[in-house]
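Nothing in this text is a laboratory measurement; each read-out follows from the coordinates by a stated rule. Predicted, not measured: the structure shown is a model, and the values here were computed from it. Here the Cβ positions follow ideal geometry from the backbone for every residue, glycine too, while neighbour counts run over all protein chains shown.
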There are 2 protein chains.
Amino acid sequence: MKKATRQHTKEHNRILVLKTIFDHPSISRAEIARTTGLTRTTVTDIVAALLDEELVTEIGVGESQGGKSPILLSLAENSRFLLSLDLSHSEFRGAVINLRGEILATACLPVEGRSGEEALDLVYQILDQLIEAGFRPLVGIGVGTPGLVNSPEGVVIQAVNLDWENLPLASLLQERYGLPVRVLNDSQAAAMGEYTYGHGHLAEGNLVVINARHGLGAGIILNGRLFPGDGGGAGEIGHVVVQEAGSLCRCGNYGCLETVASVQGVIQKVKELAPGSIRSRDSGMQDEASLDAIVQAYTAGDPQVKQIVSDSARYMGLAISGLVGVLNIQKILISGDMTHFGDAWLQAVREAVSQHSFSRLVTETHIDVGQLGKDSILLGASAVLISHYSLLFRREMASEPL
Amino acid sequence: MKKATRQHTKEHNRILVLKTIFDHPSISRAEIARTTGLTRTTVTDIVAALLDEELVTEIGVGESQGGKSPILLSLAENSRFLLSLDLSHSEFRGAVINLRGEILATACLPVEGRSGEEALDLVYQILDQLIEAGFRPLVGIGVGTPGLVNSPEGVVIQAVNLDWENLPLASLLQERYGLPVRVLNDSQAAAMGEYTYGHGHLAEGNLVVINARHGLGAGIILNGRLFPGDGGGAGEIGHVVVQEAGSLCRCGNYGCLETVASVQGVIQKVKELAPGSIRSRDSGMQDEASLDAIVQAYTAGDPQVKQIVSDSARYMGLAISGLVGVLNIQKILISGDMTHFGDAWLQAVREAVSQHSFSRLVTETHIDVGQLGKDSILLGASAVLISHYSLLFRREMASEPL
């Protein structure tokens, strides 16, 4: 709890007005005053400053409510641009994104097993390409990376696949590009993306997004804000043990959720138990190709594959029922490539949740597939930057660390 | 997000000063100004009002820091009193509690199987007794009850043992006693108690308290505030399935954590598998007596009982590892009668957590027994009232619903 001063009040109200304009396609000064409870004079002063900053534009005249027709204001969505990275797949993806979450340019480079410094070099290459696209002004860089992340300090504590350990990614990028940087775990970024752009921007709401791709994790939004946990590891449900005496996980334990309900887990099981389903393909093929083959076998009704995929849904449901028990959050979305298994799989997940949960809690719980597809992490990493509204004001641009 | 006004600023700063005085045994005006960042003038004005309200007293003179010796201020701990109830045991307990969490009077009545209206009548009897003790002014009633609770509306949605369903407990008590009422789930109350009085009042911290008694639940404190979940059921981990094809739970599912790790669960298992351990006692005896007998058999090394208790610790550990994975909260306390099994049991819980958790998360996680013993729920229910500081100001006393 910090002291409240008039300066604090002024800043608070400025952000409140900007947020209100963000939340509407167009809005008049009078409506802003009604929505926020601020006086007309205060709103007029703040809007004047936002127009001056070019964050807001006057886009025309609305319908009269009796008196003079009001001037409509709208967010100047292309007045600032964000760079965003998704490092969670077999190719690194980057994008230039505007203030409405529209992707204006992208850059992709295959990882091909690179790790450590080489993987970092790929990050630089993608950012260099995106910067060359010429969108200005750029106000920050958001990164969604696999692994355990200390977001306040911008450090990747451990990302096994990339062989990064205690990598100060935010400082490195900030030094190189002179922009504020925010680094997030990929599942936490996916949650921010779905919350901000997919699920409809619910004020102060709660949301869990389960991101089931090569690995498996979750992002938790509490009261409208990402909850990182004490060590940045909130949502690390991929390493919760769901099957005693199960398969060895890359974390060293046995029977983690990731070994049965992630893409790599399912591919591994199919290779062990139903190798015929993907036999005809190149054994060195990427996750994506293997997954496609397994989805085809599943759809075609291959009994062994069906069993493996049903098991994955059941364990996913078991883990979700644990989440429902702990948090009683009623809106749960699943994103990532595992959702390619489609409606039957989703239905099996829902049934497992019902079977394993306290009925009074689960009847109000809704489990769906996320709306953003493969863009959720990119959009989420940029949304985290936008949620620091003060970053958008010119005086702070490119100067203040997050 | 609401508008900030000067009135809001003033209220915020008044609470900030009161909170600062709460957090210190004694403190001078100059120290308050330093701690809060407010000006001396503002602090002096606010303190004058708090002295006038008799919430704060001048208790003497501190050491000079060079100039005039400063007058020390302290919370007037007996200037307001709270009534608090714990309905989670085989006897209902009530207490009169002061602003420092000291229990000044108690009243207890055995439930003896009463439920519905009869159980409600017991609640009235206890409150009547406590009010007769004569402590004044009373500023509110806090209730910790088993079951699913809608705290914002003060409704007990479902408390199976008491046969309460959609009981508007807060309105009933408020109407009868003319005091603000706050109703909480018992495990959520235990968490508030340990957070406020046991664990040391950490500003803005995170804490999970697992309350393992007749039933089993948890309370979750996030950023210094109780997190209720969307439906009031956050922390309902007693009904997370930990054992596929396990025993039937009173919720209708099989293998819930409560069936293996709660007092009733352990008693049930001992009756089924090792009836000899409690054979000599009256078969109709209370939980408390049965538990004592089982603890004795455990301590004496009865192999069947040891197995049952070890299993309970293992499943408790499994559930905690799920919590650690979801929330990455590093401070976890266990309260309730199950802690009577002592250090060996606690150590077994910790080992199970280590075995089932992602090592990077669990190394920083600390699991201990709570410090308040059987008072945690009473103290927590009163702490929730105190955390609404505005309730303590005279103009609002006994008038404003929570």
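Which of B:V305, A:V160, A:T299 sits farthest toward the positive end of the charge dipole of the protein assembly as shown, with +1 on the Cβ of Lys and Arg and -1 on the Cβ of Asp and Glu?
Final value for the positive-end residue is A:V160.
With labels modelled as points extended 7 Å from the Cα through the Cβ direction, what inter-label distance (nm, one decimal) is found for A:S64 paired with B:Q307?
8.8
Want the number for A:L104 to A:R40: 0.36 nm per residue separation, take away the alpha-carbon distance, what's left?
Roughly 19.4 nm would be gained on extension.
Scaled to the compact-protein estimate 2.2 N^0.38 Å, what is the alpha-carbon radius of gyration of region B:291-385, rounded to two decimal places?
Expressed relative to 2.2 N^0.38 Å, the Cα Rg reads 1.18.
Over 20 Å apart: what share of the alpha carbon pairs of region A:27-137 falls there, rounded to a whole percent? The partial results should precede the final answer.
On the way: 3484 of 6105 pairs.
In whole percent, the share of Cα-Cα pairs in region A:27-137 beyond 20 Å is 57.
Taking loop as defined by DSSP and a crowding limit of 16 other beta carbons within 10 Å, which GluC sites (Glu not before Pro) in region A:286-367 fit? Don't skip to the answer; put the middle values down first.
Values: sites: A:E288, A:E351, A:E364; in loops: A:E364.
Here the GluC sites (Glu not before Pro) that fit, given the DSSP loop and packing criteria, are A:E364.
In deg cm²/dmol and to the nearest 500, what is the mean residue ellipticity at 222 nm of chain A if only DSSP H runs of at least 4 residues count, each as -39500 (n - 2.57), divided by the residue total?
It lands at -12000 deg cm²/dmol.
Quote the charge dipole size of chain A about the Cα centre in Debye, to the nearest 20; the model charges only the Cβ of Lys and Arg (+1) and of Asp and Glu (-1).
Computed charge dipole of chain A: roughly 1220 debye.
For helix B:40-52, what angle does its Cα long axis make with the longest principal axis of chain B, in degrees from 0 to 90 and rounded to 10?
70
Dividing the alpha-carbon Rg of region B:139-224 by 2.2 N^0.38 Å yields what?
1.14
Taking 2.2 N^0.38 Å as the expected size of a compact globular protein, what ratio does the Cα radius of gyration of region B:238-364 give against it, to two decimals?
Numbers: Rg = 14.9 Å, N = 127, 2.2 N^0.38 = 13.9 Å.
The value comes to 1.07.
Send over the Kirkwood Rh of chain A, from the inverse of the averaged 1/r over different Cα pairs, rounded to one decimal Å.
By the Kirkwood definition, the hydrodynamic radius is 22.6 Å.
Using 7 Å Cα-to-Cβ label points, what is the B:Q296/A:S26 separation (nm, one decimal)?
8.2
With just the Cα atoms of region A:76-166, tell me how far they stretch along each of the three principal axes, in Å, largest first.
40, 28, 17
For B:I59, place a label point 7 Å from Cα along the Cα-to-Cβ direction in every copy; what are the distances to the other copies, in nm, shortest first?
6.0
Whole number please: convex hull volume per residue, Cα atoms of region B:151-281, in Å³.
Convex hull of Cα atoms, per residue: 156 Å³.
By how many degrees, between 0 and 90 and to the nearest 10, does the Cα long axis of helix B:287-299 differ from the longest principal axis of chain B?
Value to nearest ten degrees: 70.
Out of all DSSP beta bridges in region B:42-182, what portion is antiparallel? Express it as a percent rounded to 5. Walk me through the numbers on the way to the answer.
Numbers: 24 of 32 bridges.
Given both bridge residues lie in region B:42-182, the antiparallel proportion sits at roughly 75 percent.
Using a Förster distance of 51 angstrom, determine the FRET efficiency expected from the C-beta separation of A:K271 and B:E153, and round it to 0.05.
In this case the efficiency is close to 0.45.
If the limit is 29 Å between Cα atoms, which of B:K331/B:K374; A:K10/B:K331; A:K10/B:K19; A:K10/A:K331; A:K19/B:K10; A:K19/A:K374 go over it?
Flagged as over cut-off: A:K10/B:K331; A:K10/A:K331.
Please give the contour-minus-distance gain from A:S387 to A:E11: 0.36 nm per residue of separation, less the Cα-Cα distance, rounded to one decimal in nm.
133.9 nm
Any idea what angle helix B:6-22 forms with the longest principal axis of chain B, computed on alpha-carbon atoms, 0 to 90 degrees, nearest 10?
In chain B, helix B:6-22 runs at an angle near 70 degrees to the longest axis.
Are there GluC sites (Glu not before Pro) in region A:62-130 that DSSP marks as loop and that have at most 13 other Cβ atoms within 10 Å, and which are they?
Here the GluC sites (Glu not before Pro) that fit, given the DSSP loop and packing criteria, are A:E63, A:E102, A:E112.
Region A:201-262: which GluC sites (Glu not before Pro) are DSSP loop and have at most 16 other beta-carbon atoms within 10 angstrom?
When the GluC sites (Glu not before Pro) of region A:201-262 are filtered for loop state and at most 16 Cβ neighbours within 10 Å, A:E204, A:E244 remain.
Only counting other Cβ atoms within 10 Å, I'd like A:T41, A:T259, B:T36 sorted with the fewest neighbours first.
Details: A:T41 9, A:T259 28, B:T36 19.
In increasing order of surrounding Cβ atoms, one gets A:T41, B:T36, A:T259.
What percent antiparallel are the DSSP beta bridges of chain B, to the nearest 5?
Values: 36 of 55 bridges.
Antiparallel bridges: around 65 percent, rounded to the nearest 5.
Inside 10 Å of the C-beta atoms of A:362-369, what's the mean count of C-beta atoms belonging to other chains?
Average per residue, whole number: 1.
Averaging over every viewing direction, what projected area does the convex hull of the Cα atoms of the protein assembly as shown cover, in nm²?
Quarter of the Cα hull surface area: 39.1 nm².
Fully extended, how many nm does the chain gain between B:N223 and B:T363 (0.36 nm per residue separation, minus their Cα-Cα distance)? List each step's numbers first, then the result.
Working: separation 140, 0.36 × 140 = 50.40 nm, distance 2.14 nm.
The B:N223-B:T363 span can extend by a further 48.3 nm.
Given a Förster radius of 41 Å and the C-beta distance between A:H340 and B:D121 as r, what FRET efficiency does 1/(1 + (r/R0)^6) yield to the nearest 0.05?
In this case the efficiency is close to 0.10.
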